[in-house]
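Colleague: One structure, as structure tokens, below. Some questions next.
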Amino acid sequence: MANLQIKRVYEVRSPADGQCVLVDRIWPRGISKAKLGDVIWLKDAAPSTELRKWFDHRPERWKQFRARYAAELDRNSNTVAQLRAMCIRGPVTLLYSARDTEHNQALALAEYLGGGFVP
């Protein structure tokens with residue numbers, strides 16, 4: 001999706017980010033809700049607690065994590081539809097708090113929304 005990007009929640013936001021959506025199940029450490037202002041927190045877009053704990057940001061589990069997460073998203077059509085509708089209206093930035101910029105749920109979610117992941 002052309003209107004979709006990802007960014008760590010700790011990075012400086014810019015007007016080009018458009019609507020920012022936090023896709024973590026738990027609130028990021030060291031960030032106040034007031035600081036994030038108009039950010040939408042979609043807990044339901046995040047992986048389940050069980051999947052998050054299983055994955056544990058282990059790169060060797062990345063492919064399987066993406067497949068399991070995609071299956072969870074398939075069962076969560078309302079949240080997925082909400083995100084797709086936001087992307088149609090304008091730019092959307094998925095925010096995440098993980099340190100790993102190559103293996104995180106925002107990247108997997110962006111891939112899923114764009115139709116780029118095939119298990």
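Laboratory data are not the source of any read-out in this text; all were calculated from the coordinates shown. Fair warning: this is a prediction, and the values are worked out from it, not measured in the lab.
Colleague: For the chain, modelled as a Gaussian network with Cα springs under 10 Å, which listed residue fluctuates most, Leu95, Leu107, Leu51?
Modeller: Leu51
Colleague: Can you tally the lysine pairs in the chain where the Cα-Cα distance is under 20 Å and the two residues are eight or more apart, or on different chains?
Modeller: 7
Colleague: What Rg and what Dmax come out for the chain when only alpha-carbon atoms are used, in angstroms?
Modeller: Considering the chain through its Cα atoms, Rg and Dmax are 13.4, 38 Å.
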